[in-house]
């Protein structure tokens, strides 16, 4: 049996290029906007063997959609991972295209799930005001 839902408190910096504003969506289910950005990769995106170099381009192409519970984010992140084969030590370069889908819930929804011990909401992500 699982424990109660875990809500991860996060305080976002609105100046960060990785933070997205959702204010214009309001709380109107069905309202939507798209975001396309090229970002510099942060430190530590990968393993000791392969990863995306710090500062390398990451292409973000996402759709933010207001739903009853919060904001649903769907889209892709593209980049280029570089590394070294552990067997032959040859250089490895791999283009990546990662699909993503994540629901960021409104604070009252997260609180209700935590109080109810809702097992379906094991790792909720909560909106920080209008930021994700």
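The values are calculated or read from the model by the stated rules, or taken from the named source; none is laboratory data. Since the structure is predicted, the reported quantities are computational estimates derived from the model, not experimental observations. Positions of Cβ are generated from backbone atoms using ideal geometry, with glycine treated the same way; all protein chains shown enter the neighbour counts.
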query: Would it be correct to say that residue 77 is under 12 Å from the mean Cα position of the chain (by Cα), modelled with pLDDT of 95 or more and surrounded by 16 or more Cβ atoms within 10 Å (Cβ to Cβ)?
result: yes
- request: Would you mind stating whether residue 33 is free of Cβ contacts under 8 Å to residues at least 40 places away in the same chain and under 18 Å from residue 106 (Cβ atoms)?
  value: yes
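Quick grid of which residues meet (1) closer than 19 Å to residue 129 by Cα; (2) touching a strand residue (DSSP E or B) at 6+ places or on another chain (Cβ under 9 Å); (3) assigned to a loop (DSSP other than H, G, I, E, B); (4) at pLDDT 85 or above:
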| position | (1), (2), (3), (4) |
| --- | --- |
| 36 | no, yes, no, yes |
| 43 | no, no, yes, yes |
| 72 | yes, yes, no, yes |
| 81 | no, yes, no, yes |
- request: Can you work out which of the residues in the stretch 55-70 that are over 17 Å from the mean Cα position of the chain (by Cα) and either modelled with pLDDT of 95 or more or on the phi > 0 side of the Ramachandran plot (or both) is surrounded by the fewest Cβ atoms within 10 Å (Cβ to Cβ)?
  value: 55
